[in-house]
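These notes are about the structure you will find just below.
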Amino acid sequence: MKRLTAIILAALLVFALASGAMADDEKVLRVGTTETGGGFDPTVNTSTYLGLNLVYESLFKIDQQTGELVPYLVEDYYFEDEVTLVMTLKDGVTFSNGEPLTGEDVIYSLRRYVDEGTMLATYFAYFDFDASTVSDDGLTVTLKYTEPYGAAQAFLTKAIECKKNDEGLTPEDTSWWDAPVGTGPYEVVENVSGSHTTYALRDDYWGEEPDADIIEITYYSDQTTMFIDFENGAIDVALNLATSDYSRLENGEMDNVVYGLCSQNATQMVCFNMESVPAFQDIRVREAFAHAIDYEAVTDAAYEGLGMVATSTLGVNTNFYYNVGTYEYDPELAISLLEEAGYGDGLELNVVITSSAANTKLLEAMQAYLADVGITLNFQSYDVPTAVGYFREGGTDFQLQTVNGGNEQCEPHLAYSAMYPDSIFPCVRIDDAELQELLNAALYSTDDAVREENYRAVQQWLYDNYMAIPICESATAYVYNTDTVAEFPLVSTATCYLQEVVLP
């Protein structure tokens, strides 16, 4: 009966949207995105992130005002010891099928990432699910770790599923496509591949109701078409704009709009191959490299307005980000340092990069600045598998490393994991006792104050020793119509909670 009701509702809703026959008091939010959409199995369908956040909820989430990790389905929590996280779930939380949320749903949902062998299985490698327990009333979850692991809490931002509903489903079950069951405020009423997904506000939602009764997300393969629809009023919000359209906004060509950039939480940085290039073992050469580049100019060249100069090896939205600053563009200092280090006659570097328009433009811009101080840069671009082969074998004099702090998790360990001595990337790993002590102190603590202190020290150490040169951060552009949207909280498009949008 519930399935039949959903089908009828979907038909009526589609008709209403198409005919403009929505009731006067029905508030509709229409969002355009270059996201591809898909099904709603949270362990595999990560490209449906906007919709996943409407249907499901998580133990913790990223606050869209502050960027901090905050409780969501959790009422209270504390660490009993370094390997025991005790969480009290909010009472009265229900799934869309009427089932109450319990700790069994929590353990089941997190464990699925491991049991299904997903790409995210490593996130939960430090959880001891067999030793974790749930209280008799189902509201207290005692989550055990195999060892102290500070990054673990950031991974509790993943969707919590209804065990009774989902444990019998196969990956091919159509319920994943158009009838997912979550504790979130919305239900799927229509999901059309490559076109759109329509969500309706649950009439039995346990929490504070969002403003929008209906949310329709339209998927665009072409950014220009999306922006035209925004101009024509077909959508209220457009995410992931093209450079040309963002430039029009910056030039003031549209009224009644709010627009901006949000970091993708991925810093592009240069990591040196000190094993095969002896010159890089000299800090003066690394320092010269750092001061040879005009960071604002190369960022603009690579991203054409959709990028930001990096101010740390961590992205600005990453937890414990610390602004250590940008190296000053000083070619005279760079030349002097190279001469002092014995490379006054020049230095030639051969580099491999992954093939992308942004990477090519970035290296071309860097090539010109480095040439001005006597460093000849030759580079070749390859597809990802081929380039990674070179990276793993040390077949490049430096590596243009994307330091990804995890768009959704904002966890610094994801950015620094390749810097450990056992890293498969020779250019990125740094076998320095002081740095490794700081990284381990931050990773193997569940105390946020300890983690922040040590990750700040890591960022400063990398800056002072010129061991990883942050260049820029890629960003996504967005715009919304102030006639139809009052407030649009946004830290990152990957952590966007459309239920928090305020409508007039």
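The values are calculated or read from the model by the stated rules, or taken from the named source; none is laboratory data. Computed from a prediction, not measured in an experiment: that's the story for all the values here. With ideal geometry, Cβ positions are generated from the backbone for all residues, glycine too; neighbour counts draw on all protein chains shown. Side chains included, ligands, DNA and RNA excluded: accessible areas come from the protein's heavy atoms. Shrake-Rupley method; radii C 1.70, N 1.55, O 1.52, S 1.80 Å.
Give me the residue from the stretch 9-43 that is among the β-branched types (Val, Ile, Thr) and either in contact with a helix residue (DSSP H, G or I) (Cβ under 9 Å, 6 or more places away or on another chain) or at pLDDT 90 or above (or both) and, out of that set, surrounded by the most Cβ atoms within 10 Å (Cβ to Cβ).
Top of the filtered list is Val31.
From the list Leu370, Leu362, Leu349, pick out the single residue that is within 17 Å of Ala468 (Cα to Cα), part of a helix (DSSP H, G or I), in contact (Cβ under 8 Å) with a residue 60 or more places away in the chain and more than 28 Å from the chain's Cα centre (by Cα).
Just a single option satisfies the conditions, and that option is Leu370.
Among Glu190, Glu209, which is the only one that is free of Cβ contacts under 8 Å to residues at least 40 places away in the same chain, touching a Leu at 6+ places or on another chain (Cβ under 9 Å) and either more than 30 Å from Asn440 (Cα to Cα) or assigned to a helix (DSSP H, G or I) (or both)?
After applying the criteria, what remains is Glu209.
Residue check, Gln459 against (1) open to solvent by less than 30 Å² (accessible area, probe 1.4 Å); (2) of a type in the set (S, T, N, Q); (3) farther than 30 Å from Leu337 by Cα, all met but one. Which one?
The one condition Gln459 does not meet is (3).
What about Thr396, is it out of contact with any Asp or Glu (no Cβ under 9 Å at 6 or more places or on another chain) and surrounded by 20 or more Cβ atoms within 10 Å (Cβ to Cβ)?
Considered against the rule, which asks whether it is out of contact with any Asp or Glu (no Cβ under 9 Å at 6 or more places or on another chain) and surrounded by 20 or more Cβ atoms within 10 Å (Cβ to Cβ), Thr396 comes out as yes.
Answer yes if at least one residue in the stretch 116-134 is of a type in the set (Gly, Ala, Ser), at pLDDT 95 or above and over 27 Å from Thr198 (Cα atoms), and no otherwise.
Within the stretch 116-134 (the criterion being of a type in the set (Gly, Ala, Ser), at pLDDT 95 or above and over 27 Å from Thr198 (Cα atoms)), the answer is yes, since at least one residue qualifies.
Which of (1) open to solvent by 60 Å² or more (accessible area, probe 1.4 Å); (2) in contact (Cβ under 8 Å) with a residue 24 or more places away in the chain; (3) not in a helix (DSSP H, G or I) is the odd one out, the single condition Thr170 does not satisfy?
All conditions are met except number (2).
Yes/no per residue for (1) open to solvent by 30 Å² or more (accessible area, probe 1.4 Å); (2) within 30 Å of Val31 (Cα to Cα); (3) of a type in the set (Phe, Trp, Tyr):
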| site | (1), (2), (3) |
| --- | --- |
| Ala415 | no, no, no |
| Ser423 | no, no, no |
| Asp432 | yes, no, no |
| Asp447 | yes, no, no |
| Met467 | no, no, no |
| Ser474 | no, yes, no |
| Tyr478 | yes, yes, yes |
| Ser492 | no, yes, no |
| Gln499 | no, yes, no |
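Can you spot a residue in the stretch 292-315 that is in contact with a Cys (Cβ under 6 Å, 6 or more places away or on another chain) and among the polar types (S, T, N, Q)?
The answer is yes, given that some residue of the stretch 292-315 is in contact with a Cys (Cβ under 6 Å, 6 or more places away or on another chain) and among the polar types (S, T, N, Q).
Could you count how many residues in the stretch 454-473 are outside any helix (DSSP H, G or I) and of a type in the set (A, V, I, L, M, F, W, C)?
5
Since Arg451 meets every condition but one in (1) within 30 Å of Ala297 (Cα to Cα); (2) in contact with a helix residue (DSSP H, G or I) (Cβ under 6 Å, 6 or more places away or on another chain); (3) touching a residue at least 40 places away in the same chain (Cβ under 8 Å), which condition does it not meet?
Result: Arg451 passes all but (1).
Pull up the stretch 355-374, narrow it to residues that are out of contact with any Ser or Thr (no Cβ under 7 Å at 6 or more places or on another chain) and among the hydroxyl-bearing types (Ser, Thr, Tyr), then point me to the one that is farthest from Ala297 (Cα to Cα).
Ser356
Pull up the stretch 183-207, narrow it to residues that are over 18 Å from Tyr220 (Cα atoms) and β-branched (Val, Ile, Thr), then point me to the one that is nearest to the chain's Cα centre (by Cα).
Taking the candidates together, the pick is Thr183.
Among Val384, Val352, which is the only one that is open to solvent by 60 Å² or more (accessible area, probe 1.4 Å) and among the aliphatic types (A, V, I, L, M)?
The conditions single out Val384.
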